[in-house]
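The values are calculated or read from the model by the stated rules, or taken from the named source; none is laboratory data. Since we're looking at a predicted model, the values are computed, not measured. Backbone-built Cβ (ideal geometry, glycine too); neighbour counts: all protein chains shown. Accessible surface areas use protein heavy atoms only, side chains included; no ligands, DNA or RNA. Shrake-Rupley method; radii C 1.70, N 1.55, O 1.52, S 1.80 Å.
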Amino acid sequence: MINRQGVFKISIGFINGRFISIEEEVIPIDERGHQFGDGVYEVIRVYNSMPFMADEHLERLMRSAEAVQIEPNQSLDQLKEIINQGIEISGLTDAEVYIQVTRGISPRQHHFPQCPASLSMTIRPVRLVSEELRRNGASVTLMDDERWANCYIKSLNLLPNVLAKQAAYSAGHYEAVFIRDGLITEGSSSNVFVVKGQVVYTTPLSKKILSGITRQAVIGLCKELGIALEEKEMTTEFFMDSDEIFITSTTTELLPICSVDGQTIGDGKPGSITQRLYTAYQVLYKGTKNRQNRVIL
Ligand code: PDD
């Protein structure tokens, strides 16, 4: 893989001030992210060498950090600079950036230590959703939401999400969609949308779900395209009885769901409103400006 400057495209890491090889073993034994999952994170997609909706992601990172009383050592602008530097070094034009801010490195004790926060980052090539899944749609399974009460925080504590995703995968599904108190919340790593008639529905924001950046973009696109959108608490029956379902995330973008626990949704094919919104989303990210502020189309 060679980039424009004739340099190899590589996955890279960053930890507390330095860029490193992705293989380097760098996490100290007393790192609280490792010991307690005591940290928060973000995922940003890079298109055309530019991080997409970087401000929105980094603002959410700052909100997550504030919610768990972690003070990052970098400002939002400094974080953006580190990400841009990393993209440059990696030579990747399409990439996934994962950033973790933890409470730092200190001998194990539950209460907060007196130490600076840690910052780590990886930049890797994107894991693209297969063309076949995009064309035919994916299947999901419904599962009890056993996570904590503060799912609006993008916390490193992902054990219930990991277990749910694995259970879904083992049963041949792409995603687990959570139900709490009889209502649909979100996927294990995605937000959920439903189409009924000509109206798009999605779970309203609360502490029970992550305020997805892709979700936010899709809501904006609905407005732009004149598609009615309602934020609504959805029962399982409402969800199963929809014409179209799709999930959203930074890495998955918009993905049609054509089956829920073996039950076909709509006519079993990706729906027209989902397709329209996905096309509009692609136009949105293809319009991402490069560093010279020129729109790349
Ligand atoms: N996950 N809900 C949960 C629980 C998530 O983990 C994610 C994203 C989303 C969608 O958010 P966004 O559109 O901002 O990516 C919703 C990422 C992709 C991850 O953990 O890898």
Checking the structure you have, find out if any residue of region 175-195 is aliphatic (A, V, I, L, M), over 28 Å from G220 (Cα atoms) and crowded, with 18+ Cβ neighbours inside 10 Å.
no
Looking only at region 198-228, and only at residues there that are more than 27 Å from R127 (Cβ to Cβ) and without any contact (Cβ under 8 Å) to a residue 12 or more places away in the chain, the one that is nearest to the ligand (Cβ to nearest atom):
K223
Filtered residue count, region 178-197, keeping only those that are over 14 Å from P256 (Cβ atoms) and more than 10 Å from the ligand (Cβ to nearest atom):
8
Could you go through region 229-242 and let me know if any residue there is within 13 Å of the ligand (Cβ to nearest atom) and surrounded by fewer than 20 Cβ atoms within 10 Å (Cβ to Cβ).
no
Could you tell me which numbered condition Y41 fails, if it satisfies all but one of (1) surrounded by fewer than 21 Cβ atoms within 10 Å (Cβ to Cβ); (2) over 14 Å from the mean Cα position of the chain (by Cα)?
(2)
Filtered residues of region 121-154 (kept if open to solvent by 50 Å² or more (accessible area, probe 1.4 Å) and charged (D, E, K, R))
R124, R127, E131, E132, R135, D144, E146
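Results for (1) assigned by TED's automatic domain parsing to the domain that holds V68; (2) touching a Lys or Arg at 6+ places or on another chain (Cβ under 8 Å), shown as yes or no for each residue.
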residue: H111; (1), (2): yes, no
residue: C115; (1), (2): yes, yes
residue: S155; (1), (2): no, no
residue: P160; (1), (2): no, yes
residue: N191; (1), (2): no, yes
residue: Q198; (1), (2): no, no
residue: I219; (1), (2): no, no
